[in-house]
Amino acid sequence: MHPWLSALFGGVLIGLSATLLLLLNGRIAGISGIVNGLTQQSRSDEWAWRAAFIAGLMVAGGAAMHWLGQATPSPASVPVLIVAGLLVGFGTRLGGGCTSGHGICGLGRLSKRSLVAVCVFMAMAVGSVFVVRHVVGVSP
Amino acid sequence: MKRVVSALLAGALFGLGLAVARMTDPTVILGFLDLFGRFDPSLAFVMIGGVGATLIGFRFALGRAHPLLDSDFHVPTVKAIDRPLVVGSAIFGIGWGLAGYCPGPALVALAGGVSTAFVFVPAMIAGSLIQRFVFQRRAGV
């Protein structure tokens with residue numbers, strides 16, 4: 001399959017997953033929010049569905065990566081990966097969502113808040129890549 | 001129990017979608033974000049497919065009185081475009097551009113045994129816990 005077509009198809013699967021979670025459980029499929037809920041003390045039934053969603057995500061996603069023969073690592077060095085991870089964890093919790101919560105789900109709900117979030121993180125990510133690749137000059 | 005099974009299935013579908021769309025490959029993400037290099041439009045197609053599905057699916061789901069397995073929808077009610085939203089999203093964007101990982105694909109890559117995810121994911125969880133700690137101290141909780 002052409003990579004653009006598999007991207008479109010994969011995107012539809014993600015959107016269907018988010019629709020299923022909303023239709024069945026009434027929940028938003030925002031990965032950062034679901035993970036954050038796991039690190040908070042809460043009622044056990046609140047914890048169980050989150051753990052199940054993340055387990056399904058990791059097992060099926062990890063297996064599919066191997067079937068499809070993709071295991072490309074990030075070009076970033078270990079110190080950069082640590083800084084990047086800290087920023088992603090801190091930022092998504094402060095901003096109340098990531099690419100899935102604000103992007104796939106928020107835009108699907110026509111949320112202005114999510115539209116602002118998506119524009120901000122996309123712009124900053126483009127800027128971040130520009131600085132790394134074209135100013136500092138590290139190119140993978 | 002039904003809600004746990006449905007969450008497991010939804011999660012599996014989400015993970016499959018991420019892998020099929022190659023969002024678990026940071027070079028695909030960075031290729032999209034690199035507007036001034038060798039541009040890779042894949043992420044735009046993922047968003048078109050994903051948001052296209054939620055635009056239709058969410059309208060259908062939210063048109064119901066309640067979800068099939070719960071008595072209420074648990075959707076965000078906050079509408080304010082405030083400083084935490086903008087600052088948090090900006091910080092997230094910088095980190096995303098540095099490594100090419102956002103939370104979902106990073107977790108899948110970890111399960112797939114990709115070395116860089118083993119460094120990124122613990123740092124990501126630490127960052128989230130630091131935010132909670134800082135915020136709770138400031139709020140005086």
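Read-outs throughout are calculated quantities, based only on the coordinates presented, and are distinct from any laboratory measurement. A quick note: this is a predicted structure, and the numbers were derived from the prediction, not measured. We place every Cβ from the backbone using ideal geometry, glycine too, and count neighbours over all the protein chains shown.
Mind counting the residues in segment B:112-141 that are touching a residue at least 60 places away in the same chain (Cβ under 8 Å) and either more than 7 Å from chain A (Cβ to nearest Cβ) or outside any loop (DSSP other than H, G, I, E, B) (or both)?
Number satisfying all stated conditions: 1.
Quick one: in segment A:88-112, of everything that is in a helix (DSSP H, G or I) and of a type in the set (Ser, Thr, Tyr), which residue is surrounded by the most Cβ atoms within 10 Å (Cβ to Cβ)?
Here the answer is A:Thr92.
Only one residue in B:Leu13, B:Leu8 is surrounded by 14 or more Cβ atoms within 10 Å (Cβ to Cβ), under 27 Å from A:Gly69 (Cβ atoms) and out of contact with any Gly (no Cβ under 7 Å at 6 or more places or on another chain), so which one is that? Full working, then the answer.
Numbers: B:Leu8 fails: out of contact with any Gly (no Cβ under 7 Å at 6 or more places or on another chain).
When all the criteria are applied, what remains is B:Leu13.
Spot the failing condition for B:Gly104; the list is (1) surrounded by fewer than 21 Cβ atoms within 10 Å (Cβ to Cβ); (2) in contact (Cβ under 8 Å) with a residue 40 or more places away in the chain; (3) among the small types (Gly, Ala, Ser), and only one is missed.
It is condition (1) that B:Gly104 fails.
Residue pairs, Cβ under 7 Å, 6 or more apart or interchain, first in segment B:71-86 and among the acidic types (Asp, Glu), second exposed (fewer than 15 other Cβ atoms within 10 Å of the Cβ). List them.
That search, which allows pairs on different chains as well, returns B:Asp72/B:His66.
Among the residues of segment A:115-140, how many are more than 15 Å from B:Ile91 (Cα to Cα) and either crowded, with 20+ Cβ neighbours inside 10 Å or of a type in the set (Lys, Arg) (or both)?
2
Taking the options B:Phe32, B:Phe60, B:Phe36, name whichever one is at the interface with chain A (Cβ under 7 Å from one of its Cβ atoms) and among the aromatic types (Phe, Trp, Tyr).
B:Phe36
Output yes when any residue across segment B:86-99 is closer than 23 Å to A:Thr19 by Cβ, surrounded by 15 or more Cβ atoms within 10 Å (Cβ to Cβ), facing chain A (nearest Cβ under 7 Å) and not β-branched (Val, Ile, Thr), and no when none is.
No: segment B:86-99 contains no residue that is closer than 23 Å to A:Thr19 by Cβ, surrounded by 15 or more Cβ atoms within 10 Å (Cβ to Cβ), facing chain A (nearest Cβ under 7 Å) and not β-branched (Val, Ile, Thr).
Could you look through segment B:39-57, keep only residues that are more than 7 Å from chain A (Cβ to nearest Cβ) and assigned to a helix (DSSP H, G or I), and pick out the one that is surrounded by the fewest Cβ atoms within 10 Å (Cβ to Cβ)?
Among residues in segment B:39-57 that are more than 7 Å from chain A (Cβ to nearest Cβ) and assigned to a helix (DSSP H, G or I), the one surrounded by the fewest Cβ atoms within 10 Å (Cβ to Cβ) is B:Ile56.
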